[in-house]
1. Is there a residue being at pLDDT 85 or above, closer than 22 Å to residue 154 by Cβ and not small (Gly, Ala, Ser) anywhere in the stretch 83-90?
2. Residue 119 - would you say it is assigned to a strand (DSSP E or B) and hydrophobic (A, V, I, L, M, F, W, C)?
3. Look through the stretch 82-96, keep the residues that are among the aliphatic types (A, V, I, L, M) and under 20 Å from residue 54 (Cβ atoms), and return whichever of them is surrounded by the most Cβ atoms within 10 Å (Cβ to Cβ).
4. Filter the stretch 64-80 for residues that are in contact (Cβ under 8 Å) with a residue 60 or more places away in the chain and of a type in the set (S, T, N, Q) and give the result.
5. If you check every pair at least six apart or on different chains, which have Cβ atoms under 7 Å apart with a residue in the stretch 17-45 that is assigned to a loop (DSSP other than H, G, I, E, B) first and a residue that is surrounded by fewer than 18 Cβ atoms within 10 Å (Cβ to Cβ) and modelled with pLDDT of 85 or more second?
6. Pairs, please: C-beta under 6 Å, at least 6 apart or cross-chain, first residue surrounded by fewer than 19 Cβ atoms within 10 Å (Cβ to Cβ) and in the stretch 51-63, second acidic (Asp, Glu)?
Amino acid sequence: MKPVNELLTTNRRHDNWTPLLEVAVQEVFELMLGGQLTESASAEQATLDVTAMVGLAGQMCGVLSLRCDRTSAALMASKMLGLEPDKVGPEMSDALGEVCNMIAGNFKNKISGMGDGCMLSVPTVITGTDYSLYSQADSPGLEVRLLFEGRPIVIALQIRG
């Protein structure tokens, strides 16, 4: 088996990581939110106005993001904190950031030799839609589109080799 650094530099596309990313997302939602995700069969584009991001550094550099609408973010927070969705306030950002952080950690641990060789940043959460995200990723990003409680969520990973 190739070392992780060699794998990263020789496989710029990382296409084989998409199933690992999807499994990591499914596991976090089942364990932390007690919910099952379903595949997004709809091409309908919802307004995803909450974005959580976690940076990756070390053997793998990049950014993992989780995008959803405010209703989904409040529902995630309510399930994590045991609150009614309409009672969730500022803790919504903390909860969404933590979900993103757990997905990033679970994903990197699924790649052989990556667990200790890749560090995660503190999560950042942005609300609103009027922003642009620029990344120095030099390979095509991975994206997983799923439904949480019937509402779309998008998890993306951009990697810099």
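1. Yes, because at least one residue in the stretch 83-90 is at pLDDT 85 or above, closer than 22 Å to residue 154 by Cβ and not small (Gly, Ala, Ser).
2. Working: assigned to a strand (DSSP E or B): yes; hydrophobic (A, V, I, L, M, F, W, C): yes.
Taking the combined requirement at face value, the residue satisfies it.
3. Once the filter is applied, the top-ranked residue is 96.
4. Going residue by residue through the stretch 64-80, those that are in contact (Cβ under 8 Å) with a residue 60 or more places away in the chain are 64-69, 71-72, 75-76.
Within the stretch 64-80, 65, 71, 72 qualify.
5. Between residues of the stretch 17-45 that are assigned to a loop (DSSP other than H, G, I, E, B) and residues that are surrounded by fewer than 18 Cβ atoms within 10 Å (Cβ to Cβ) and modelled with pLDDT of 85 or more, the close pairs are 35/149; 36/30; 40/145; 40/147.
6. Between residues of the stretch 51-63 that are surrounded by fewer than 19 Cβ atoms within 10 Å (Cβ to Cβ) and residues that are acidic (Asp, Glu), there is no close pair.
The values are calculated or read from the model by the stated rules, or taken from the named source; none is laboratory data. Here the structure is a predicted model, which is why all the values come from computation and not from measurement. All Cβ positions, even for glycine, are placed from backbone atoms using ideal geometry, and neighbour counts span all protein chains on display.
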